[in-house]
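*Asks:* Have a look at this one.
The values are calculated or read from the model by the stated rules, or taken from the named source; none is laboratory data. Quantities reported herein were computed from a predicted structural model and do not represent experimental measurements. FYI the Cβ positions are ideal-geometry reconstructions off the backbone, even for glycines, and counts take in every protein chain you see.
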Amino acid sequence: MAVGALLGFSPVGAKVNSMLNSNKISDQIYTDMRASDDNLTLPEEMYPVDLIIKGKVLSLDQSYQRNANVETKMGALTYDVTPATVEVEDVLYGTVFNKTITLLQHGTPSNSEAARHFVNAGDEVYLMLVKTDDGKYWSYNFDDGVWKINNGKVQSLTNKSVFKQFNHGDATSFANAIKNAAKAKVKRPNTIYNN
């Protein structure tokens, strides 16, 4: 299936398909594939979320090429991924059976644009996640699902209006809000979620 179809034939999907079909894959794909609907409520934002945890990043692991399961004129599409091992300290929503999870992050540490979005060893974080078929996790919508905790405050690179109220706010209040929203999550009618 074409990536544009997965993205709901959005302008982002059209741009990605154009890049795939011309084989001009760039680091810009990371920036351009963020979900574009900025009118969702907090429970609607939580619809695709499988797991919300509080954790500590133990390590940034070796980058590798991950298969995108998309065939192009040049063969199978792959992309750079840098996994991080995260110790699970608390589960706010969902179920996890291990003491650690693997968070997949787009890009490599040598790509400064990608690396500025990474979690790093020692970071305390809240993560809103979707599970992959191989048991690893992605942030549910890039920066929107990654919140670093520093001195009792949370911070994210999110651009979503629904989350901006929490940026630089109290970590406990944020945790309670996303936990309650996840428990009350709903799918907005006629909305195509990217995950």
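*Asks:* Of the residues I149, I178, which single one is β-branched (V, I, T), under 19 Å from P48 (Cα atoms), modelled with pLDDT of 95 or more and in the same structural domain as K56 (by TED's automatic domain parsing)?
*Replies:* I178
Yes/no per residue for (1) more than 20 Å from I52 (Cβ to Cβ); (2) part of a strand (DSSP E or B):
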{"site": "T82", "(1), (2)": "yes, yes"}
{"site": "E87", "(1), (2)": "no, yes"}
{"site": "D90", "(1), (2)": "no, yes"}
{"site": "F97", "(1), (2)": "no, no"}
{"site": "T102", "(1), (2)": "no, yes"}
{"site": "F118", "(1), (2)": "no, no"}
{"site": "L129", "(1), (2)": "no, yes"}
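*Asks:* Would you call Y126 touching a Leu at 6+ places or on another chain (Cβ under 9 Å), farther than 28 Å from N69 by Cα, in the same structural domain as V81 (by TED's automatic domain parsing) and not polar (S, T, N, Q)?
*Replies:* yes
*Asks:* Which of the residues belonging to region 63-94 are among the acidic types (D, E) and either touching a Gly at 6+ places or on another chain (Cβ under 9 Å) or surrounded by 15 or more Cβ atoms within 10 Å (Cβ to Cβ) (or both)?
*Replies:* D80, E87, E89, D90
*Asks:* Further, regarding this structure: What is the residue count in region 132-166 for residues that are under 21 Å from L42 (Cβ atoms), assigned to a strand (DSSP E or B) and in contact (Cβ under 8 Å) with a residue 24 or more places away in the chain?
*Replies:* 12
*Asks:* Okay, next question. Search region 114-136 for residues being of a type in the set (D, E, K, R) and out of contact with any Asp or Glu (no Cβ under 6 Å at 6 or more places or on another chain), and hand back the single one that is nearest to T95 (Cα to Cα).
*Replies:* K136
*Asks:* Considering only region 160-175, state which residues are over 15 Å from M128 (Cβ atoms), of a type outside the set (S, T, Y) and modelled with pLDDT of 95 or more.
*Replies:* H168, G169, D170 - these are the residues of region 160-175 that are over 15 Å from M128 (Cβ atoms), of a type outside the set (S, T, Y) and modelled with pLDDT of 95 or more.
*Asks:* Related question: Please work out if I53 is in the same structural domain as L103 (by TED's automatic domain parsing) and either buried (at least 18 other Cβ atoms within 10 Å of the Cβ) or at pLDDT below 50 (or both).
*Replies:* yes
*Asks:* Quick one: count up the residues across region 15-50 that are modelled with pLDDT under 85, of a type in the set (D, E, K, R) and touching a strand residue (DSSP E or B) at 6+ places or on another chain (Cβ under 6 Å).
*Replies:* 1
*Asks:* Which residue, of L60, L103, is out of contact with any helix residue (DSSP H, G or I) (no Cβ under 9 Å at 6 or more places or on another chain), farther than 30 Å from K187 by Cα and buried (at least 19 other Cβ atoms within 10 Å of the Cβ)?
*Replies:* Testing whether each residue is out of contact with any helix residue (DSSP H, G or I) (no Cβ under 9 Å at 6 or more places or on another chain), farther than 30 Å from K187 by Cα and buried (at least 19 other Cβ atoms within 10 Å of the Cβ) leaves just L60.
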